[in-house]
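Participant: First the structure, which I've put down as structure tokens, then a few questions once you've had a look.
The values are calculated or read from the model by the stated rules, or taken from the named source; none is laboratory data. Everything numeric here is computed off the predicted structure, so don't read it as measured data. Here the Cβ is made from the backbone with ideal geometry for all residues, glycine too, and neighbour counts use every protein chain on show. Heads up: the accessible areas ignore ligands, DNA and RNA and are worked out on the full protein's heavy atoms, side chains in. Shrake-Rupley method; radii C 1.70, N 1.55, O 1.52, S 1.80 Å.
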Amino acid sequence: MTEKHRFRNDMILIAVLLLVAFSSIVCYNCFRSTGNTVTVRVDGTDYGVYPLSVNATKDIYSGENGCNLNRLVIRDGKAYIETATCPDGICVAHKPIFRDGESIICLPNRVVVTISTADHTDTPDVIM
Amino acid sequence: MKNKSKEVAFAGISVALALILAYAETLLPPLFVAVPGIKMGLPNIVIIFLLYRRGPAFAGAVSFIRIFLVALLFGNAASLIYSICGGIFSFVAMLLLRKMNLFSTVGVSVAGGVMHNVGQILAAAVLLNTEQLGYYLAVLAVSGTVAGVFIGLCGTFLVKRVPEKV
């Protein structure tokens, strides 16, 4: 195994990794439609479900005695975290989410906000 | 190196170096605020070097002592779990590729960087009980590859230039 062979193998490895990563990102974005429901989970348990179409501001309390706060804002069909007490503020910096499956995750407060598509009654029933 | 105390001292210096690199990394401004978790993995330079010069046992020991110390000094139980998972995945991947002898330091380091992200994402998926992290993993795989190339080049340089007797 010469230096040259190793270099070639390195390049193949890097190319394959980048290809897989980029193609999954592209696929993910292409095949994803806009969701209609915001689901909030704290520490793995359901906290609340809100429609994406109604503007709202929800305070999500987590941690012991509910001392941690993430303020979820739903506006113009998009959801984002406006303010939070978590030390890193990553959830606040996250861009607004609206596509099916997108999520904002706050690791310190263990809060997961996910967009999903739920079957609402606004689709007409079967007419016989 | 036969001298036991010299060996221990060298391990100590290596741990200290990896530790200070881990700390220095937290001082760097984040590259993309929107995508947390992107980092250089500077301590991996030390681990790569040791993996080539001192073998798996030495490198593994230094890596895991470093992880525990970082969690003790700057982290908490949760961050320790993430680091340990990332550390195990990363180290096993690097060890396998090193043994296969098909790749240079750069390839080994790239695999380590990407598998580190895989380990952490898996830990997060289990801890947070959510499967939504796949997309995030794809983004981190790109950053892990880029960081791995840089770390690998640093490693190549060190393995070539640092005298054998050190």
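Participant: GNM, chain A, Cα, under 10 Å: largest mean-square fluctuation among A:Val38, A:Val20, A:Val92?
Facilitator: Sorting by GNM fluctuation, first place goes to A:Val20.
Participant: How many times 2.2 N^0.38 Å is the alpha carbon radius of gyration of chain A?
Facilitator: Compactness ratio reported: 1.46.
Participant: Further, regarding this structure: Chain B: longest stretch without exposed trypsin sites (Lys or Arg not before Pro) (DSSP loop, at most 14 other Cβ within 10 Å), sites themselves excluded?
Facilitator: Maximal segment without exposed cleavage sites: B:3-164.
Participant: Just the number please: accessible area per residue for the protein assembly as shown, 1.4 Å probe, all protein chains included, in Å².
Facilitator: About 55 Å² of surface per residue is accessible.
Participant: In addition: Using the alpha carbons of the protein assembly as shown, what is the convex hull volume per residue in cubic angstrom, as a whole number?
Facilitator: It is 154 Å³ per residue.
Participant: Could you tell me the accessible area of B:Cys85 in Å² (1.4 Å probe, neighbours in place), rounded to the nearest ten?
Facilitator: B:Cys85 exposes around 40 Å² with every protein chain in place.
Participant: Work out, in µm²/s and without decimals, the Stokes-Einstein translational diffusion coefficient of segment B:1-89 at 4 °C, 1.567 mPa s, Rh from Kirkwood over C-alpha pairs.
Facilitator: Translational diffusion coefficient: 94 µm²/s.
Participant: Can you sort A:Asp100, A:Asp88 by 1.4 Å-probe accessible area, starting with the largest?
Facilitator: A:Asp88, A:Asp100
Participant: Heavy-atom accessible surface, probe 1.4 Å, ligands and DNA/RNA ignored: which residues of segment A:1-37 lose at least 30 Å² versus the isolated chain?
Facilitator: Those are A:Met1, A:Arg6, A:Asn9, A:Asp10, A:Leu13, A:Ile14, A:Leu17, A:Leu18, A:Ala21, A:Ile25, A:Tyr28, which lose 30 Å² or more relative to the chain on its own.
Participant: Quick one: how many Å² of A:Met1 are accessible to a 1.4 Å probe, rounded to 10?
Facilitator: 110 Å²
Participant: Show me the three semi-axes of the equivalent ellipsoid for segment B:52-148, from the C-alpha gyration tensor (sqrt of 5 times each eigenvalue), largest first, rounded to whole Å.
Facilitator: Over the Cα atoms of segment B:52-148, the ellipsoid semi-axes are 23, 18, 10 Å.
Participant: Provide the descending list of Cα extents for chain B along its principal axes, expressed in whole angstroms.
Facilitator: 50, 35, 28
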